[in-house]
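Student: Sharing a structure here in structure tokens format.
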């Protein structure tokens, strides 16, 4: 399929609270280099800046980032600030807190509730913003998220954060958070080749409550932070051939077909892949194709 003239409008829209966004957005992790969490080769700065500017030109109005998205010489937040500030009206920037890394790039343990304000403020400083549109609390294995989420709810009341989300959660954590403050989005790992009954239930609950479900690693699959997977199910390859599309585009399209409340945030530092990812928002899979993909997914479990 051609991708040069397709924009993010083709994916449809959803509202994160009172913030309308196209369902096809951009994840910022890949902007820093192929080894975003390690000391690998940093990305080409000019190319990363160009990807961000082109994304906005193509209608992307939802960018997902974090202060801990950095590699040698590159920070996703700094790239976003440099490329897009002053920010266009309607651009929604979402950030995550909970995990953190020191200046050497080493991971720390989960942030304490009393550290979350500092982490939000660090994102604000790097992005050059006075508030964040959406902040996700990324659960780091803790049994209860009440204390951490409550700390973020206080920052929402103080005006540093407009809307709240949660990430890496089970249904009970969503219920726990909703007792404290509104949740506009849930970000869990979810992909066509990774069946998980818990995440399927979270997806369903979000749909019932009008909460966005925002999968990560939908394209990367089992490769996760290392990059997009080369391992594609036969059914994905068959559907891709039928549409003249890439397997990555089919993975994105399948993601968007999981419900009108599902958003996609594929990440890339490659301008060609950016255009392909956005074009995937225009793909319409048939019921038969979806049944085949879902059947293959069930067998993978």
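Student: Divide, for the range 120-227, the radius of gyration over alpha carbons by 2.2 N^0.38 Å, where N is the residue count.
Tutor: Here the answer is 1.10, to two decimals.
Student: Stretched out fully, how many nm does the piece from residue 45 to residue 144 gain, at 0.36 nm a residue minus the Cα gap? Before the final figure, lay out each step's value.
Tutor: Working: separation 99, 0.36 × 99 = 35.64 nm, distance 3.97 nm.
Full extension of this stretch gives 31.7 nm more.
Student: Taking 0.36 nm per residue of separation and subtracting the Cα-Cα distance, what length does fully extending residue 201 through residue 179 add?
Tutor: Numbers: separation 22, 0.36 × 22 = 7.92 nm, distance 1.88 nm.
That works out to 6.0 nm of additional length.
Student: Would you mind telling me the antiparallel percentage of the DSSP bridges in the range 1-114, rounded to 5? Can you show the working numbers first?
Tutor: Values: 8 of 14 bridges.
The antiparallel proportion sits near 55 percent.
Student: For the chain, give me the percentage of DSSP beta bridges that are antiparallel, rounded to the nearest 5 percent. If you can, show how the numbers build up before the last one.
Tutor: Numbers: 9 of 34 bridges.
Of the beta bridges lying entirely in the chain, close to 25 percent run antiparallel.
Student: Would you calculate the separation in nanometres between label points at residue 122 and residue 54, each defined as 7 Å from the Cα along the Cα-to-beta-carbon direction?
Tutor: If labels sit at residue 122 and residue 54, their model points lie 3.1 nm apart.
Student: Here's a follow-up. Rounded to the nearest 500, what is the 222 nm mean residue ellipticity of the chain from helices alone, with -39500 (n - 2.57) per DSSP H run of 4+ residues and division by all residues? Mind showing how you got there, number by number?
Tutor: Working: 10 runs with 111 residues, N = 301.
Helix contribution divided over all residues of the chain: -11000 deg cm²/dmol.
Student: What is the ratio of the Cα radius of gyration of the range 149-205 to 2.2 N^0.38 Å, with N the residue count, to two decimals?
Tutor: 1.24
Student: Now a separate question. Per-residue counts of other Cβ atoms within 10 Å, averaged by peptide: what ranking do you get for 200-210, 174-184, highest first? Please report the intermediate quantities before stating the final value.
Tutor: Working: 200-210: 15.2, 174-184: 17.3.
Output ranking for 200-210, 174-184: 174-184, 200-210.
Any read-out appearing in this document is the output of simple, stated calculations on the displayed coordinates, not a laboratory observation. These numbers come from a predicted model, not from an experiment. In this analysis, Cβ positions are derived from the backbone assuming ideal geometry, glycine residues included, and neighbour counts consider all displayed protein chains.
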